[in-house]
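Asks: Here it is, the structure, as structure tokens.
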Amino acid sequence: MIRKVAVIGAGTMGNGIAQVFASKDFSVQLIDQNEKLLEKGLNTISGSLDRIIKKGNLTEVQKSKILSNITPGSGLHNIAPDSDLIIEAVFENKSVKQDIFKTLESFVMPECIFASNTSSISITEIGSVCRQDRFIGMHFMNPVPVMKLVEIIRGYATSDETYNNIKNVSVQLEKVPVEVKDYPGFISNRILMPMINEAIYCVMEGVANKEDIDTVMKLGMAHPMGPLTLADFIGLDVCLAIMEVLYGGFADSKYRPCPLLKQMVASGKLGRKTGEGFFKY
């Protein structure tokens, strides 16, 4: 039975995952090697809970209980060896993720399940450095406390027991689990990112201005936000990283990252988190 959870990475996805688990009364460790990011992540969780209180869906007492379920820690060495589930939610870099799991393999009990929140990288490849039968992809959507979907990705050697445990945990979190095969981008980003990439090509080629491209997709396709606004929300660096995984994984030119996307990332215009992407914030 999974009760003790560690989340590695206190950024947007990591703190959201920690909040969701803590809200369902799991014991959660939130781990980040950067203490400032760790503090920021905890403040983000507190602010998120405050917004739920304002909507009348949470009390101050319940907020205090949720926050008490979260223990911050700086560095992997602070992770409890008897954790039941460890979820990695750091940036999209295969070697960094593998280094984390290789380190964990040396001191965490063998029964613990390892999960990656990667949005596109092969689960089989990441998990090749550790307990492959107890390694799985658990891809949450942003913002985690709001979005219901969790893509569960089985690696080549992921056991049925591991899959069923993660499926059951997802249901406990009141999420909707969807089983996905281990292909680059899985389902969500294999479909979403080429659409965003194509919208960026439309900007580069002067097909229409940015506002009109977003308006077409909102009013014509009933999307809640346009692809360029969404790209800014996700982070253009993240979009580029995923497109590069798709391009490398399929070796198909239809996944070639738009040169304008590359230029914007190189210039540091990454979207909301830097104050400017396709739009200014």
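The values are calculated or read from the model by the stated rules, or taken from the named source; none is laboratory data. Here the structure is a predicted model, which is why all the values come from computation and not from measurement. Positions of Cβ are generated from backbone atoms using ideal geometry, with glycine treated the same way; all protein chains shown enter the neighbour counts.
Asks: I need the full set of residues from the range 203-244 which are surrounded by fewer than 23 Cβ atoms within 10 Å (Cβ to Cβ), within 15 Å of the chain's Cα centre (by Cα) and not aliphatic (A, V, I, L, M), in order please.
Replies: Answer for the range 203-244, where residues must be surrounded by fewer than 23 Cβ atoms within 10 Å (Cβ to Cβ), within 15 Å of the chain's Cα centre (by Cα) and not aliphatic (A, V, I, L, M): 233, 235, 237.
Asks: Identify all residues within the range 101-134 that are small (Gly, Ala, Ser), part of a helix (DSSP H, G or I) and within 20 Å of the chain's Cα centre (by Cα); write none if there are none.
Replies: Of the range 101-134, the ones small (Gly, Ala, Ser) are 106, 115-116, 119-120, 122, 127-128.
Narrowing the set further to residues that are part of a helix (DSSP H, G or I) leaves 127-128.
Passing the criteria: only 127.
Asks: Here's a check for you: in the range 179-195, which residue that is more than 14 Å from the chain's Cα centre (by Cα), part of a loop (DSSP other than H, G, I, E, B) and in contact (Cβ under 8 Å) with a residue 40 or more places away in the chain is surrounded by the fewest Cβ atoms within 10 Å (Cβ to Cβ)?
Replies: Filtering first and then ranking leaves 183.
Asks: Ok, one more. In this structure, does residue 105 turn out to be surrounded by 14 or more Cβ atoms within 10 Å (Cβ to Cβ) and in contact with a Phe, Trp or Tyr (Cβ under 9 Å, 6 or more places away or on another chain)?
Replies: Yes: the conditions hold for residue 105.
Asks: Only one of these is small (Gly, Ala, Ser), outside the structural domain of residue 16 (by TED's automatic domain parsing) and within 29 Å of residue 22 (Cβ to Cβ): 248, 235. Name it.
Replies: 235
Asks: If I ask for residues that are in contact (Cβ under 8 Å) with a residue 60 or more places away in the chain and either touching a Ser or Thr at 6+ places or on another chain (Cβ under 7 Å) or in a helix (DSSP H, G or I) (or both), which ones from the range 249-281 would you list?
Replies: Selection gives 249, 250, 254, 255, 260, 261, 279.
Asks: Conditions: (1) farther than 22 Å from residue 11 by Cβ; (2) surrounded by 19 or more Cβ atoms within 10 Å (Cβ to Cβ). Residue 114 meets all but one. Number of the miss?
Replies: (1) is the only condition that residue 114 fails.
Asks: Only one of 92, 35 is in contact (Cβ under 8 Å) with a residue 12 or more places away in the chain, of a type in the set (Asp, Glu) and surrounded by 15 or more Cβ atoms within 10 Å (Cβ to Cβ); which?
Replies: 92
Asks: Would you confirm, using the coordinates I've provided, whether residue 54 is under 23 Å from residue 170 (Cα atoms) and either at pLDDT 95 or above or surrounded by fewer than 22 Cβ atoms within 10 Å (Cβ to Cβ) (or both)?
Replies: No: the conditions fail for residue 54.
Asks: Can you name the residue in the range 50-95 that is touching an Asp or Glu at 6+ places or on another chain (Cβ under 9 Å) and part of a helix (DSSP H, G or I) and is also farthest from residue 26 (Cα to Cα) among such residues?
Replies: 94
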